[in-house]
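What follows draws every value from the coordinates through simple rules; no lab data is involved. Everything quoted here is computed from the prediction, not taken from an experiment. So basically every Cβ, Gly included, is an ideal-geometry build from the backbone, and we count neighbours across all protein chains shown.
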Amino acid sequence: MVLNQLEELTSRAFDELGKVTNLEELEAWRIRYLGRKSSLIQILRLLATLPLEDRRVAGARANEVKKTFEARLAEKKTSLELAATLSLQRESLDVTLPGERVLLGRLHPTTQILDEICHIFQDMGFQVVEGPEVEWEYYNFEALNMPADHPARDMFATLWIDFETEAGDRPMLLRTHTSPVQIRVMEKSPPPIRIIAPGRVYRYEATDATHEWMFYQVEGLAVDRNITLADLKGTLFEFARRLFGKERKCRFRCDYFPFVEPGVEVAIDCFVCGGAGCRLCGNSGWIEIIGAGMVHPEVLRRVDIDPEVYSGFAFGMGVERIPILRYGIDDIRLFYSNDVRFLRQF
C-alpha cells in the first residue's frame, strides 16, 4: 500500500516538475513535495505503523524517492537559473553603445541676476527682506507720499482687487513696486535700517518687446543718523562696479519720484561703445539702470521716524533690465515664454 502511494507520488511529482518554468514555481513545488507538510513526509510518518519487514522495504524506497526529488530539484534549479541568466544577457543594454546626454537643470536667468544683486548688497551690509505681493493701497501708494489725488499715481498702471471686510471696502491691489516692503520694515523696526526688497511686481499694461505685466524689482533702503546723498552715490557706484565691471563710470542726474527728495537717475557708461554712442545706449553713451533719492521727510513721518533726527536713501531697479543690457536681449517676453532654447543659453 505504502509502496503504491510512493510510486503515484513520484509519478505526479515528476509530471509537475516538468511543467515548472521559473524559480517561483519551483519553490512552490519544493514545498509541496519536500516541505514539512508534504505528502512524502506524511507517508514517512505511516512507516511506524507497518510490520518490521514492510517497514524496512518501504523506508528504503521512501528514502530513495526523497533523494531523487532533491536531486531533480537541484537539476531543475540550475537549469532555470542558467536560462534566466541567458535571458538577462539578451535583454541587457550594450554598454559599448554611446549613452544619451543627461540634461542638467539650471537657474532661470532672472533668478541668476537676482541672486547676484542680492549677494552684492549683502556684502555691503544690507539685509534681504520680502513682503506680500497682494498689498493694501495704503502701503503701495499713500504711505509712499501718493494720496488718492496725487498725479504720480498715473505713473503706475495698477491691477486692483475687490475686497470687502466687516468695516467696509478696503482697496487692495497687486503691488506695483516693492517699496511697500520698506514701509512695513520701518513701521516695525527702528533705525538703523539697511535692507533690500526683491520680488515680483505687477502693472496693468500691454506687453511688447520692452514691457511685461509681471516682472522683478529690487528696491533698497537705508535709514540712520547723518545719511547723506554722498552715501547713496557711494553705495550705488560700488554696486555698479561689482555688477558691470571695475572700469564702470556712473552718472547721477536729477529725476522725480514722489517718495524721495531729491530724486536722481543713475546711469552707467555704455559697456558696448565705452561712451562713444551706439544703438544700445541710444547714442547717448549712458545707460540708465537705477532710480534713487533721499527718503522724503513725509514718508519718514508716516512711520513715526523723526526726519529731524534721521535721514535715509532709497533706490530701485528692474531685474530683467540687467540681463537685457548685459547679454543684448531684445525682447523682455523671452524671459517668461518658457522657450528652452533661450533658457539654455544662461
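A few comments on the model shown:
- Distance between the modelled labels on Glu27 and Asp208, one decimal in nanometres: 7.2 nm (7 Å Cα→Cβ projection).
- Counting only residues at least eight positions apart within a chain, or on another chain, the lysines with an alpha carbon under 19 Å from that of Lys19 are Lys76, Lys77.
- Selection from Thr228, Thr78, Val264, by position along the positive dipole direction of the chain (Cβ): Thr78
- Counting beta carbons within 10 Å around each of Ser189, Ser179, Ser337, Ser311 and listing the fewest first gives the order Ser337, Ser189, Ser311, Ser179.
- Degrees separating the helix 23-34 axis from the principal Cα axis of the chain, which is the longest one: 40 degrees
- Taking Cα atoms only, the orientation of helix 2-19 departs from the longest principal axis of the chain by about 40 degrees.
- Checking Cβ-Cβ separations below 4.7 Å across the chain identifies Cys118, Cys250, Cys254 as cysteines lacking any candidate disulfide partner.
- If the segment from Leu103 to Glu8 were pulled out straight at 0.36 nm per residue, it would be longer than the present Cα-Cα gap by 27.8 nm.
- Going by neighbour counts of Cβ atoms within 10 Å, the residues Asp231, Asp154, Asp306 line up, fewest first, as Asp154, Asp306, Asp231.
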